[in-house]
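**Q** Shown below is the structure under consideration.
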Amino acid sequence: MTRLEDRQTLLRDIAQAHTEGTRLAPACALAGIDLRTRQRWQAGGGANAAVEVRADRRPEAVRPMPPHALTEAERARIIQVANQPRFADTPPARIVPALADEGIYLASEASFHRVLRAQDQMQRRGRARPPRAARPPTTHIASRPGEVWCWDVTFLPSRVQGRWFYLYLILDLFSRKIVGFEVHDTDQAEHAAHLARRTALAEGVHAMPVKPVLHGDNGATVKGTTVLAMLYWLGIKPSYSRPRVSDDNPFAEALFRTAKYRPDFPADGFVDLDQARAWAVRFVHCYNEEHRHSGIRYVTPAQRHAGQDVGMLAARHALYQDARERSPRRWSRQTRDWTPMAEVTLNPERPAGVQAALSQTPLSGSINAPAVPSRPGNPNAAARNEGDGRRAAPRSHAQRSEHGEEGEHRTFPAVSTAAPSPPVGGAPPPDRHRPSRQRPTT
């Protein structure tokens, strides 16, 4: 149903286009109506369409009562029966069969619904509450290190059936660097609070003008009162995933997948807590210092965290430009994009989305501008070199994770570094983040 004001605006625009030489049929099609609709909207077909526009007369139409409609007495009977004490918490879907078992038929279930709705009695009966719409995911955008952290807890298997070790881990969203980790044999909020305090001191949170946001899931370990009190004391703002949504913390989940599918991850489990801590130290060192992350243009997280990625990517771009100038016939399109990722988004808003790099400064010849013609003097090749200006489709969080552009499985050499955290005693937990006992095939 189109309002009168909208009809007047559309017909005015169509009349103006027709005056300027446009045929009526294409003008009406562009406005979203057909020619017959325009004729029906106009009262007399005059030139002044803004005055002689008919409003929709369906709301004012007089519709006769159907001969088979419920009478007022029947409606009153339905209201009386539905308000009886025995039906006080019963919906019409159960009232109608109950009356049928007693040999009584008043009306159909749909009629019960219509009559009760007209009397404003179509409310949820009993203690049931209407379902609540799920809130949208919390969106965080990191444009420098220390703005957004992600943390989670995963299980590390042991060789004793039913016993587990717990890897607590904090990841910087912008650089993908693991800024804090600990391994314990119990899942307690005190360990999470201690890790948050250690990481904040190591990263100098007290000197930051804007404190970081710490995003995690809805687990009891990261939402405990001890953890909230510690985060409040540190000035860190907590953020949580939506209930029963497993992909609101994708960067931490992808990191755990990378950790548990490394070749040196013990398929039979860890012997004891010391072995699990030693493995975690080696993994964190390799991941931060040696692992070239596909989501940050194949630089290491430590290099990006220190701001060294800009110079490295510029050097790669210059190298590719030089290679193209030396052999231009081998390049039919632009050189590889080595533009630094300016921003990283956690849980982009839907449906509009948040671009992962809103303010990127592309290098000359990477994507937005060609470097040199692939075939000098060939206009067709130069036209292909310009391209259509479209970027490649953005990849998902899992695709941009640390598993490679083509999903390849990369390995890391073993390196031993810092000392592990002190052990704490406790009980085993239920299963979560449990890796397969079989070695993955590649």
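The values are calculated or read from the model by the stated rules, or taken from the named source; none is laboratory data. Since the model is a prediction, treat every value here as computed from it, not as a measurement. Cβ placement follows ideal geometry from the backbone for every residue including glycine, while neighbour counts extend to all protein chains displayed.
**Q** Name every residue in the stretch 180-197 that is in contact with a Leu (Cβ under 7 Å, 6 or more places away or on another chain) and assigned to a strand (DSSP E or B), in order of residue number.
**A** 180, 181, 182, 183
**Q** Give the residue, chosen from 282, 329, 262, 333, that is assigned to a helix (DSSP H, G or I), over 25 Å from the mean Cα position of the chain (by Cα) and modelled with pLDDT under 95.
**A** 329
**Q** Given the conditions (1) within 25 Å of the chain's Cα centre (by Cα); (2) closer than 29 Å to residue 291 by Cα, which single one is not true for residue 182?
**A** (1)
**Q** Taking residue 171 as the residue in question, decide whether it is part of a strand (DSSP E or B), farther than 23 Å from residue 348 by Cα and among the aliphatic types (A, V, I, L, M).
**A** The answer is no for residue 171.
**Q** If you don't mind, another one. State whether one or more residues within the stretch 196-210 are under 19 Å from residue 282 (Cβ atoms), of a type in the set (A, V, I, L, M) and crowded, with 23+ Cβ neighbours inside 10 Å.
**A** no
**Q** Can you find a residue that is part of a loop (DSSP other than H, G, I, E, B) and either buried (at least 22 other Cβ atoms within 10 Å of the Cβ) or among the aromatic types (Phe, Trp, Tyr) (or both) anywhere in the stretch 142-161?
**A** For the stretch 142-161, residues part of a loop (DSSP other than H, G, I, E, B) and either buried (at least 22 other Cβ atoms within 10 Å of the Cβ) or among the aromatic types (Phe, Trp, Tyr) (or both): absent.
**Q** Taking the condition of being in a loop (DSSP other than H, G, I, E, B) and surrounded by 14 or more Cβ atoms within 10 Å (Cβ to Cβ), how many residues in the stretch 211-243 meet it?
**A** Residues in the stretch 211-243 being in a loop (DSSP other than H, G, I, E, B) and surrounded by 14 or more Cβ atoms within 10 Å (Cβ to Cβ): 12 in total.
**Q** If you don't mind, there's one more thing I want to ask. Any idea which of 109, 182 is within 23 Å of residue 275 (Cβ to Cβ), acidic (Asp, Glu) and either modelled with pLDDT of 95 or more or surrounded by 11 or more Cβ atoms within 10 Å (Cβ to Cβ) (or both)?
**A** So the residue among 109, 182 that is within 23 Å of residue 275 (Cβ to Cβ), acidic (Asp, Glu) and either modelled with pLDDT of 95 or more or surrounded by 11 or more Cβ atoms within 10 Å (Cβ to Cβ) (or both) is 182.
**Q** Hey, can you tell me all the residues within the stretch 131-141 that are without any contact (Cβ under 8 Å) to a residue 40 or more places away in the chain and either of a type in the set (D, E, K, R) or surrounded by 14 or more Cβ atoms within 10 Å (Cβ to Cβ) (or both)?
**A** 132
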